[in-house]
């Protein structure tokens, strides 16, 4: 069964990983259809995700690398 992720990874098997937000535009302009965000914080995350989704790309977020989240054990 096809899913949006499967379709996009099949069409473009490379995922853009963005660790420096200044490189986000390069990822959006690349032939990749999936972006993995490795940076950001709770205040900027919404705008970064919107920018990626506005280009019909899937976006995944590495929560452990975002600033502003506290893990309490």
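Quick check on residue 36: is it part of a strand (DSSP E or B) and in contact with a strand residue (DSSP E or B) (Cβ under 8 Å, 6 or more places away or on another chain)?
yes
Looking only at the range 1-30, count how many residues are in contact with a helix residue (DSSP H, G or I) (Cβ under 9 Å, 6 or more places away or on another chain) and either modelled with pLDDT of 95 or more or within 23 Å of residue 68 (Cβ to Cβ) (or both).
10
When you scan the range 31-46, how many residues do you find that are in contact with a helix residue (DSSP H, G or I) (Cβ under 8 Å, 6 or more places away or on another chain) and on the phi < 0 side of the Ramachandran plot?
So the count comes out to 7.
Applying the selection to the range 1-25, what residues are assigned to a loop (DSSP other than H, G, I, E, B) and farther than 18 Å from residue 62 by Cα?
1, 2, 3, 12, 13
From the set of residues in the range 40-52 that are over 9 Å from residue 24 (Cβ atoms) and out of contact with any strand residue (DSSP E or B) (no Cβ under 6 Å at 6 or more places or on another chain), which is modelled with the lowest pLDDT?
Ranking the qualifying residues of the range 40-52, first place goes to 42.
The values are calculated or read from the model by the stated rules, or taken from the named source; none is laboratory data. The shown structure was predicted, so the numbers you read here are calculated from the model rather than taken from an experiment. Quick reminder, even Gly has a Cβ in these numbers, built from the backbone with ideal geometry, and neighbours come from all protein chains shown.
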